[in-house]
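Derivation of every value follows stated rules applied to the coordinates shown; laboratory data play no part. Please read all numbers here as calculations on a predicted model, not as lab measurements. Because the Cβ atoms are built from the backbone with ideal geometry, glycine has one as well, and the counts that use them run over all protein chains shown.
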Amino acid sequence: MSSAGTEQRELLRISLCPVFGEAYGRNNTIEKREIPMREAYKQLRHYLQELDWVGSGLVYEGPLQGFQFLWQEQGVLWVPEGELETAKKMLLTIGEMKSRTTCEIGENHVFVEHFGMSPRLVILGGGHISLSLVKLGKLLGFHVTVVDDRGEFANLQRFPEADCVLCGDFGQVFEEIPDLPANYYVVVTRGHQADEQCVRQILRRKYAYVGMIGSKNKVAKTKEALYKSGFRPAEVEAIHAPIGLKIGAVTPEEIAVCIAAEIIQEKNKVPVETIEDAVLDALCEKAGTTMALIVAKSGSAPREAGARMVVKDNEILAGTIGGGAVEHAAMIYGSQMPKHHIQKDVQEFVLRKEEGAKLGMVCGGSNLVYFESD
């Protein structure tokens with residue numbers, strides 16, 4: 001092995017790998033509770049399909065280590081059986097806290113997150129604007145669906161980057177589009193009638209954004225028709241039309257940029273964190289796994305609090321907590337927890353400045369990582 005490889009191995013062994021049985025901070029007296037991690041994330045996935053955001057409170061250290069509940073503005077959404085009063089008391093403290101922050105409630109250290117579903121861009125119309133908008137949507141991390149009623153404008157050869165391409169009548173194709181609160185609809189069909197047909201159906205569904213292309217005259221006529229059909233003013237005025245930020249866009253590519261910019265503006269009005277579909281699926285479906293979750297960081301550690309990965313048998317199944325030495329050490333530790341009959345733990349992984357330099361990093365940092373095994 002090269003000297004560089006030896007140095008990295010020693011770094012992992014001495015500086016980063018915690019010792020099983022040695023807890024970070026004070027020794028906790030953990031109350032013996034059966035708190036199902038997998039059930040918590042199944043409930044999270046369920047509520048994200050119905051609500052625009054879901055709050056999570058997770059005790060990462062203290063007597064209630066591993067206790068987790070879900071909440072929203074109206075109160076507690078889900079909590080393990082028999083723990084409702086505990087959740088209500090905690091919610092009094094964390095209800096106004098920002099996402100990815102921590103607090104102490106008695107002897108318990110709580111990590112707070114606000115989750116939103118991964119955003120989904122649904123483009124109705126497969127014309128020139130859509131060609132660029134699909135690429136921008138993928139660049140911005142959206143799941144992208146393209147819909148058109150013409151086969152030559154709705155195929156994977158035309159939109160290879162799209163996650164889904166649907167060809168069908170605009171009056172029926174919505175049955176194939178999941179009705180989710182994280183849907184961002186862009187209506188850019190080839191004609192006024194098809195645009196209005198799409199908007200009518202969208203306004204009866206859940207959505208985070210709906211925008212429609214068109215001149216001021218066309219938009220006014222469409223809104224008037226919607227009013228006459230019985231849609232309420234608040235519903236009609238929620239349509240972004242004419243679509244996009246006013247940046248003087250002229251070409252299809254520029255128009256796609258102004259649409260994407262408006263979507264970003266609307267999306268970021270609600271400060272929520274998304275959890276990768278692959279991570280959520282692994283937490284819900286894969287048995288025998290361990291979750292590693294950063295609950296605090298200092299220095300130049302690459303990922304912020306809230307970064308997650310799911311590991312099993314010295315393999316990362318989904319997610320990341322930043323790569324490099326810290327992630328490798330956490331992956332090893334999390335994989336070995338079931339063998340040592342450890343279900344929950346919290347450990348600090350430190351990369352000091354001088355050790356970071358050996359690995360080509362500018363300076364050091366640390367991550368406080370909460371582990372939980374299925």
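In table form, for the structure just shown:
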| item | result |
| --- | --- |
| Cut-off of 10 Å, at most 10 other beta carbons, DSSP loop: longest stretch of the chain lacking such GluC sites (Glu not before Pro) | 97-374 |
| Candidate aspartates and glutamates - alpha carbon under 17 Å from K221, same-chain residues fewer than 8 apart omitted | D195, E196, E235, E237 |
| Helix 216-228 vs. the chain, principal-axis angle (Cα, 0 to 90°, nearest 10) | 90 |
| Helix 84-94 axis, angle to the chain major axis (alpha carbon atoms, nearest 10°) | 80 |
| Globularity index of segment 31-116, i.e. its alpha-carbon radius of gyration over 2.2 N^0.38 Å | 0.99 |
| Extension gain, K218 back to E85 (0.36 nm per residue minus Cα-Cα distance, nm) | 42.4 nm |
| Antiparallel %, DSSP beta bridges [both residues in the chain], to 5 | 70 |
| Simple Cβ-charge dipole of the chain, Lys/Arg +1 and Asp/Glu -1, about Cα centre, in debye nearest 20 | 720 |
| Acute angle (nearest 10 degrees) that the helix 37-48 long axis makes with the longest principal axis of the chain, alpha-carbon atoms | 20 |
| The chain, helix-only ellipticity at 222 nm - DSSP H runs n ≥ 4, -39,500 (n - 2.57), divided by all residues, nearest 500 | -9500 deg cm²/dmol |
| Two-decimal Rg to Rh for the chain - Kirkwood Rh, Cα set | 1.05 |
| Point-charge dipole on Cβ atoms (K/R +1, D/E -1) for segment 277-374, about Cα centre, debye to 20 | 300 |
| Cα-Cα over 26 Å, subset of K88/K286; K88/K297; K42/K267 | K88/K286; K88/K297 |
